[in-house]
Structure formats: C-alpha cells, structure tokens
Amino acid sequence: MTELDHVYTLEKSPDETFAAIVDLDRIVPAVQGGSITERTGEDSAEAEILVSMGAMSMKFVGTVEVIEKNPADHRAVLRIKSRETQGQGYANADVTFTMNGTEGNVHTSAQINGKAASMGEGVVKAVLDALIKNFTSKLSAL
C-alpha cells in the first residue's frame with residue numbers, strides 16, 4: 001500500500017473546486033493520460049489511463065466512482081479500480097479530497113500489483129507523486 005498526501009492552493013472557491021472534483025467528466029481527463037470511455041452512472045464511469053514508468057508505458061482500464069461526497073465539508077472520495085490491459089497487474093486507489101479556505105489536500109491510498117509494482121516501491125511512489133502533482137496543478141483550470 002502506498003500512501004501519499006499533496007497540499008495545493010485553491011485558485012477558485014472551495015464550492016467551485018468541489019463541484020469540479022465530483023464531476024467525473026471534468027476530473028478524469030485532468031489526470032495525465034486519463035480519459036472516460038463510458039459513463040455508467042451519475043457518480044461512476046469506465047475509464048482508462050496510459051502511465052509511463054521510465055521507458056515502459058502501461059495502459060490500465062477500469063472504473064472511477066465517487067463513493068463519498070459531502071459538499072458542506074468540501075470532502076469527496078473517489079475509488080479507482082483498474083487492471084493492466086497487457087498483463088495481470090492492477091492499480092486500485094481511494095483518493096480523498098478535502099478543502100479548507102484557500103487550501104486543498106489530496107490523500108491517495110494506492111495498491112499496485114504486477115509489472116508496475118515490480119519496478120519497486122520507490123519508482124511507483126515517484127510516478128504516482130508526479131501524476132498527482134501534475135493533476136493538482138490543473139485543478140484551478142477546472
């Protein structure tokens with residue numbers, strides 16, 4: 001299990017940022033390499049992501065679901081369940097968003113197995129860290 005926390009500055013109000021986070025059509029493409037392939041419900045979608053880990057690229061397909069949304073507290077939890085398209089591995093995560101005034105926090109709790117995990121915890125953590133930093137830099141534009 002890999003746990004990461006990222007603090008970011010809100011460029012918009014917590015209400016506007018929260019609305020963007022729980023809108024899967026806006027939030028999933030904000031993740032580098034991420035896209036929605038099919039909406040399966042108001043708070044769920046089939047999605048895919050292409051992840052580069054050094055010289056290796058892997059495609060994951062799966063589901064993204066908003067499992068908790070509390071607009072009053074500006075807190076949302078997204079659950080991602082995915083599998084490698086060219087292997088037996090998977091990448092699952094619960095991503096918790098909280099906002100307070102001008103600051104937000106993204107807490108990621110990820111489980112990764114297969115080719116990606118075989119590269120080592122340090123590489124996995126570095127790739128996840130870069131993906132999340134890139135993502136939080138885009139939140140203000142949503």
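Matching residues to (1) of a type outside the set (Lys, Arg); (2) farther than 20 Å from LEU128 by Cβ; (3) in contact with a strand residue (DSSP E or B) (Cβ under 8 Å, 6 or more places away or on another chain):
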site	(1), (2), (3)
THR40	yes, yes, yes
ASP43	yes, yes, yes
GLY54	yes, no, no
SER57	yes, no, yes
VAL61	yes, no, yes
LYS69	no, yes, yes
HIS74	yes, yes, yes
LYS81	no, no, yes
GLU84	yes, no, yes
**Q.** Residue count for segment 83-111, restricted to those that are touching a helix residue (DSSP H, G or I) at 6+ places or on another chain (Cβ under 8 Å) and either over 16 Å from GLY34 (Cβ atoms) or at pLDDT below 90 (or both)
**A.** 6
Q: Taking SER140 as meeting all but one of (1) farther than 18 Å from THR9 by Cβ; (2) at pLDDT below 90; (3) not in a strand (DSSP E or B), write down the number of the exception.
A: (1)
Q. If you go through segment 93-142, how many residues are touching a residue at least 12 places away in the same chain (Cβ under 8 Å), at positive phi and surrounded by fewer than 14 Cβ atoms within 10 Å (Cβ to Cβ)?
A. 1
Q. Among the numbered criteria (1) surrounded by 15 or more Cβ atoms within 10 Å (Cβ to Cβ); (2) over 27 Å from VAL123 (Cβ atoms), which single criterion is violated by ASP15?
A. (1)
Q | Residues (over 21 Å from THR136 (Cα atoms) and surrounded by fewer than 16 Cβ atoms within 10 Å (Cβ to Cβ)) located in segment 49-82 | A | GLY54, ALA55, MET56, SER57, LYS59, VAL61, ALA72
Q. Is there any pair linking a residue in segment 54-66 that is at pLDDT 95 or above to one that is of a type in the set (Val, Ile, Thr) and surrounded by 15 or more Cβ atoms within 10 Å (Cβ to Cβ), with Cβ under 6 Å and at least six apart or on different chains, and which?
A. PHE60/ILE49; VAL64/VAL28; VAL64/ILE80; VAL66/VAL22
Q. Which ones in segment 86-106 are more than 16 Å from PHE135 (Cα to Cα) and not hydrophobic (A, V, I, L, M, F, W, C)?
A. GLN86, GLY87, GLN88, GLY89, TYR90, ASN92, ASN100, GLY101, THR102
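The values are calculated or read from the model by the stated rules, or taken from the named source; none is laboratory data. Here the structure is a predicted model, which is why all the values come from computation and not from measurement. We place every Cβ from the backbone using ideal geometry, glycine too, and count neighbours over all the protein chains shown.
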